[in-house]
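The values are calculated or read from the model by the stated rules, or taken from the named source; none is laboratory data. This structure is a prediction, so every number in the text was calculated from the model and none was measured. Here the Cβ positions follow ideal geometry from the backbone for every residue, glycine too, while neighbour counts run over all protein chains shown. Each accessible area value is taken on the protein alone, full model and side chains, heavy atoms only, with ligands, DNA and RNA left out. Shrake-Rupley method; radii C 1.70, N 1.55, O 1.52, S 1.80 Å.
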Amino acid sequence: MEKQRYERPIIKKLESNMPNKFGMRTEYRPMTHIDNVGVKDLINEHGSPLFVISEKSVRDNIRNARKAFETRYPKVQFAWSYKTNYLDAVCRTFHQEGSWAEVVSGFEYDKAIHNGVDGSKIIFNGPDKTEDDLEKAIKNNSLIHIDHLDELYTVRKLAERMDIKAQVAIRVNMDTGIYPMWDRFGFNYENGQAWDALNKIMRSDVMELVGLHTHIGTFMLSPNAYAVAAGKMADLAIGIRDKYGHEIQYIDMGGGFASQNNLKGAYLPGTDINPTIDDFAEAITSALINSNFKPEKLPLLILETGRALIDDAAYLLGTVISNKRLSDGRRSTILDIGVNVLFTSFWYDHKITPAQPFTQHTEDTVVYGPLCMNIDVIRENISLPLLNKGDHVVIQNVGAYNMTQWMQFITLRPRIVMIDLEGNVHVVRERENLQRLLEFEKVPEHLKTFEL
Amino acid sequence: MKIKKNVAVSDSGFVFNPTTGESFSVNPIGMKIVEMLKKETPTQEISNYILENYETDAPTIDKDLYDFIEMLKQYSLIEENEKA
Ligand SMILES: Cc1ncc(COP(=O)(O)O)c(C=O)c1O
């Protein structure tokens with residue numbers, strides 16, 4: 001006789017005051033495949049944990065976003081936010097789809113050049129651009145988004161010395177009615193800082209003011225804040241036109257659209273409450289179209305959307321190490337996925353789906369990672385189907401910021417694979433090994449040997 | 001080890017404790033174990049039964065059965081004077 005699939009015995013007290021803090025059950029179906037490739041096969045071949053990126057989802061996302069904006073506004077350009085996920089394979093997928101590069105450090109800048117992006121299609125943001133970085137950017141005609149006055153003076157000095165006109169914009173911060181206001185980057189709109197910087201640029205012969213940039217925050221849930229921001233950007237641009245007779249080429253609205261993830265503490269799932277890309281597109285484009293730009297003089301609209309284009313295109317596969325009962329009676333499950341590779345578990349209640357069939361029975365569970373650290377909690381409370389040791393799980397919406405902010409801490413960083421449009425699986429980043437890490441280390445001669 | 005006499009067990013996976021008024025839901029394998037415990041089946045025999053009928057191994061059963069019985073005790077469904 002064939003044996004039945006084992007599920008551990010559970011008994012659960014029935015509470016009348018549902019839902020409790022573990023929330024309602026959200027998992028109804030196992031996730032056995034990603035883009036028709038078996039999760040089990042992926043783990044057998046590439047190990048656990050494993051990041052899996054769907055090329056199809058990446059392309060669908062950027063096409064969908066372009067459509068949302070291009071059907072509402074005449075000139076649109078996306079620039080891929082490198083810090084969100086700067087794996088070459090991911091960046092090049094976006095570049096193939098027409099996205100420029102948006103970088104915030106010399107390292108990211110060099111990566112964009114390495115990926116073959118023309119210098120004039122690299123947007124250089126951020127407060128920390130070294131003189132070397134700026135020289136490179138000026139020489140390559142890159143779009144330098146000035147963050148503070150010290151940088152403005154440095155750019156002016158370098159451009160004079162190099163005798164090249166630097167292509168610049170300023171980053172503007174402003175009150176859009178949301179809290180907290182990101183006023184640490186760029187020049188403030190309300191207190192006149194932005195105008196002060198613009199005047200300095202307009203009075204210089206070695207800087208060409210090509211655009212205006214803002215980035216009002218990240219994981220924004222309010223399309224209206226973008227409408228306010230776009231209106232203020234349009235006012236600045238029209239003010240420059242009126243004062244100097246100078247027309248800027250573009251308005252860059254930055255990134256920040258919420259992805260479909262669940263923010264910690266939110267009562268309803270992100271898929272139900274987070275605005276869609278169409279909502280943001282409608283807010284921004286209406287504000288620009290309704291501003292005082294003449295229809296034929298509307299500037300290029302640049303978007304540096306990060307997380308909303310990549311979060312749902314990547315998955316993190318993992319394996320159950322053990323189930324354990326805590327002293328207060330709660331159930332806990334230990335996965336081989338720690339916060340060192342799933343950094344975003346500090347912000348999100350990530351959805352965890354078993355990769356094999358399960359019954360309707362669930363247990364209120366705390367999900368821990370494998371690190372010997374108290375902070376290593378993937379979910380503080382989740383109503384989870386019953387998992388056995390060795391079972392696999394799929395964590396969804398992990399494409400943004402994890403593969404860049406992950407840490408080599410206690411465990412080594414795992415492999416990353418990408419499934420192409422034909423269902424072929426490509427390794428796009430190798431797993432780390434001890435040898436690789438030792439290459440960075442040097443042991444002083446007198447510490448080389450010891451006796452115990 | 002024995003489930004308290006007055007504890008009611010339904011075929012559909014519900015357990016009711018009239019002393020406390022509390023109800024519980026139990027999954028099918030848990031139900032089977034509760035039924036066997038009601039009949040005073042020794043735990044070793046229960047382990048053997050699971051091992052024969054389910055795709056698993058002895059250490060897993062050992063651990064899970066122990067945990068399950070602990071939960072029954074915590075919910076006061078096991079006779080007080082019984083020792084594990
Ligand atoms: C200047 C700039 N542009 C774009 C982004 C991408 O933001 P998001 O991933 O929230 O879309 C960021 C991230 O914070 C940023 O700082």
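What angle, in degrees between 0 and 90 and rounded to the nearest 10, separates the Cα long axis of helix A:277-289 from the longest principal axis of the Cα atoms of chain A?
10
I'd like the mean, over residues of B:43-55, of how many other protein chain beta carbons sit within 10 Å of each residue's own Cβ.
Shielding by partners across B:43-55 averages 2.
Calculate what fraction, in whole %, of the accessible area of the protein assembly as shown sits on carbon and sulfur atoms when a 1.4 Å probe is rolled over the protein chains.
Carbon and sulfur together cover 50 percent of it.
Once label points are set 7 Å from the Cα along Cα→Cβ at both A:T404 and B:D11, what is their separation, rounded to one decimal in nm?
Here the answer is 6.0 nm between the modelled labels.
First check a/c for the range A:102-155, with a ≥ b ≥ c the square roots of the eigenvalues of its C-alpha gyration tensor; if it is under 1.5, answer rounded, and if not, answer prolate when a/b is larger than b/c or oblate otherwise.
prolate
Report, in degrees rounded to the nearest 10, the 0 to 90 angle that the Cα long axis of helix B:43-53 makes with the longest principal axis of chain B.
Approximately 60 degrees, to the nearest ten.
Which pairs break 22 Å Cα to Cα here: A:K111/A:K139; A:K83/A:K442; A:K200/A:K232?
Where the Cα-Cα span goes over 22 Å, the pairs concerned are A:K83/A:K442.
Could you check the spin-label model distance between A:K75 and B:E35? Points 7 Å from the Cα along Cα→Cβ, value in nm.
According to this spin-label approximation, the distance is 7.6 nm.
For chain B, set up a GNM with springs between Cα atoms under 10 Å and report which of B:E55, B:E70, B:E45 has the largest fluctuation.
Looking only at B:E55, B:E70, B:E45, the biggest GNM fluctuation is shown by B:E55.
With a point put 7 Å past each Cα toward its Cβ, work out how far B:K73 is from A:E296 in nm, to one decimal.
According to this spin-label approximation, the distance is 8.7 nm.
Considering only the protein assembly as shown, what is the antiparallel percent among its DSSP beta bridges, to the nearest 5?
50
Roughly how big is the B-A contact, given as buried accessible area in Å² (both sides, 1.4 Å probe, nearest 100)?
The contact between A and B buries close to 2200 Å².
Can you give the angle from 0 to 90° between the axis of helix A:193-202 and the longest principal axis of chain A, with both taken from C-alpha atoms, to the nearest 10?
Roughly 50 degrees, rounded to the nearest 10.
According to the square roots a ≥ b ≥ c of the eigenvalues of the Cα gyration tensor, what is the shape class of the range B:2-79, taking rounded for a/c under 1.5, prolate for a/b larger than b/c otherwise, and oblate for the remainder?
prolate
From the square roots a ≥ b ≥ c of the eigenvalues of the alpha-carbon gyration tensor of the protein assembly as shown, which class results: rounded (a/c under 1.5), prolate (a/b over b/c), or oblate?
Taking the square roots of the gyration eigenvalues as a ≥ b ≥ c, the protein assembly as shown is prolate.
Suppose every Lys and Arg Cβ carries +1 and every Asp and Glu Cβ carries -1, with no other charges. What dipole size does the protein assembly as shown come out with about its Cα centre, to the nearest 20 debye?
Roughly 520 debye for the protein assembly as shown.
Amide H to amide H under 5 Å from A:N397: which residues, 5+ apart in sequence or cross-chain, H placed 1.01 Å off N in plane?
Excluding prolines and chain starts, which carry no amide H, the hits are A:A314.
If we count trypsin sites (Lys or Arg not before Pro) as exposed when they sit in a DSSP loop and have at most 15 other beta carbons within 10 Å, what is the longest stretch of chain A that avoids them all?
A:331-430
What aspartates and glutamates could a cross-link reach from A:K13, if we take a straight Cα to Cα line under 12 Å and drop same-chain neighbours fewer than 8 places away?
A:E363, A:D364, B:E22
Can you tell me the FRET efficiency between A:K56 and B:N53 if r is taken as the Cβ-Cβ distance and R0 is 45 Å, rounded to the nearest 0.05?
0.60
Where the centroid of each part is defined by its Cα atoms, how far is the range A:200-236 from the range A:162-199 in Å?
Spelled out, the Cα-based centre of one part sits 7 Å from the other.
Filter the chymotrypsin sites (Phe, Trp or Tyr not before Pro) in the range A:384-452 to those in DSSP coil with at most 10 other Cβ atoms within 10 Å of their Cβ, and list the result.
Taking the range A:384-452 and a limit of 10 other Cβ atoms within 10 Å, the loop chymotrypsin sites (Phe, Trp or Tyr not before Pro) found are A:F440, A:F450.
In sequence order, what are the phi-derived ³J(HN,Hα) couplings for the range A:378-389 according to the Karplus relation 6.51 cos²θ - 1.76 cosθ + 1.60 with θ = phi - 60°, rounded to whole Hz, with x for glycine and proline?
Each residue of the range A:378-389 in turn: 8, 9, 5, 7, 8, 8, 10, x, 6, 10, 9, 3 Hz.
I'd like the chymotrypsin sites (Phe, Trp or Tyr not before Pro) in the range A:347-382 restricted to DSSP loop residues with at most 15 other Cβ atoms within 10 Å, sorted by number.
A:W347
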